[in-house]
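The values are calculated or read from the model by the stated rules, or taken from the named source; none is laboratory data. Keep in mind that this is a model prediction, so the values were computed, not measured. Every residue, glycine as well, gets a Cβ built from its backbone with ideal geometry; the counts of neighbours run over all protein chains shown. Areas reflect the complete protein model, heavy atoms only, side chains present, ligands, DNA and RNA absent. Shrake-Rupley method; radii C 1.70, N 1.55, O 1.52, S 1.80 Å.
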Amino acid sequence: MDLKFCPNCGAAVGPNDDFCQNCGFNLKKYRLENADQGTEPAELAAPETPQPTPAPQPAPTPQPESIAQPTPVAPDQDASAQPTQRHRRWPWIVLVLIILLGAGAYFGGSTYYSRGRQLTALADGMVSNDPAAIAKVAVKDDGSTFASTDLTPLTTLYKAKPSVQKSMHTWILDAHTTGAVTVQQKGRILGLFPRYRVVLTPVKVPLSTNLSDAEITWNGNNLSSTDHGAQREFATYPGQYRVAVTGKLDGDSKHLTKTVTVSPFQTPTVLSFNSKSTKTEDTLKSILAQAEEAKTAAEKAADSNKKDNSSSHSTSDSSDDDDIDMDGLPDDTSARNGNDSTEGLIGNWAQNSDTTFTFNDDGTYSGTANGQTSGGTFKVVYRDGDTLNIQFTKNGGSVVEPFAFVDGHLIETHLKLDWHRAN
């Protein structure tokens, strides 16, 4: 039905108006209910002659059927609103899914990158015999990475001493935080999970040598050192090294080499590279031999006369206490038993006024023969009752001589020299 005027108040309406703009009457409903009439009722038709515009009057009391109602939502409007509501729910659903996925990923990552799991991987990597594999799990104390060649000495140590390799595995699993090998957190994985690494710290190794102008190399490489008086201190990572020291002693060129183990778990002892002087043994033996040569002809003649007189006496079976049979005394300089007793040794010994030998209680000795004096240190390296081996050291070189106490005399049994207590 085509309406031109509102059936309720008579105000003009448009063909597409669903409600009267003046009184709010439901025009759409009215059209549906009167659709079969086809035309507008006569009484509602527009007047033939225009009427004067009535004066404004109070709004008529709306009829029950015309009371203003909330604007109903057309069926097609309800259908269009539902997709909008669904569209607004999607961001929340996506957010919840993201939170759930993030929580699951974090839980899985926490398990996969757990401290215990990382420690196992670090321990397995550190005991590898492949330096490149160790380089993947170990870093320097400043956080920088190792080259494979830096870790070759460690794998060499593993091969030489498997016990160190076994101890390393246990050490990492226990996550020690002090020493040359420690486990520390170094950064994070994916920005979330703590990343652990094995940190190797250089070990300070003291080294001493009696060579002058000494040049020292470790596995053929020069290392920087710090001087501490007569010692040098080198810093190197745990491993097994071939250390070489080249220098001079008493004008002779010397080249000393030694295989050195730098333990990751023990404090290193002083590495001693002391060469034996070619003159040391000759000097000591010279003093001892000169004592024998220093016997005067008169003393030798007196000895000879004493033997002759002894044989001519009617009491030929009597013996002289000064005669000592040196041929049966032991002279094995290789004997060792750890007994370092100096009982009866300390003091002055002499053959005559010009030939003396002194053992001091501070471990030093001095000897004089024919106006020449020599000295150094000594140590008893073997003793069995009155038989003993004494190690003499001078200028870093050493020699061992055998001695025996016989009737208050000190006999050098190798050279068969007889010393007695000096006044």
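As for region 109-122, it holds at least one residue that is over 20 Å from Val183 (Cα atoms), open to solvent by less than 60 Å² (accessible area, probe 1.4 Å) and either touching a residue at least 24 places away in the same chain (Cβ under 8 Å) or not aliphatic (A, V, I, L, M) (or both).
For region 211-239, the set of residues classified as open to solvent by 40 Å² or more (accessible area, probe 1.4 Å) and among the polar types (S, T, N, Q) consists of Ser212, Asn219, Asn221, Asn222, Ser224, Ser225, Thr226, Gln231, listed by residue number.
Rundown of residues vs (1) at pLDDT 90 or above; (2) in contact with a helix residue (DSSP H, G or I) (Cβ under 6 Å, 6 or more places away or on another chain), yes/no style:
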residue: Thr145; (1), (2): yes, no
residue: Thr149; (1), (2): yes, no
residue: Thr155; (1), (2): yes, yes
residue: Lys166; (1), (2): yes, no
residue: His169; (1), (2): yes, yes
residue: Val183; (1), (2): yes, no
residue: Phe193; (1), (2): no, yes
residue: Tyr196; (1), (2): yes, yes
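The criterion of being aliphatic (A, V, I, L, M) and in contact (Cβ under 8 Å) with a residue 40 or more places away in the chain holds for Leu154. Is it the case that region 171-178 has a residue that's in a loop (DSSP other than H, G, I, E, B), under 18 Å from Phe265 (Cα atoms), open to solvent by 40 Å² or more (accessible area, probe 1.4 Å) and small (Gly, Ala, Ser)? The answer is no, given that none of the residues of region 171-178 is in a loop (DSSP other than H, G, I, E, B), under 18 Å from Phe265 (Cα atoms), open to solvent by 40 Å² or more (accessible area, probe 1.4 Å) and small (Gly, Ala, Ser).
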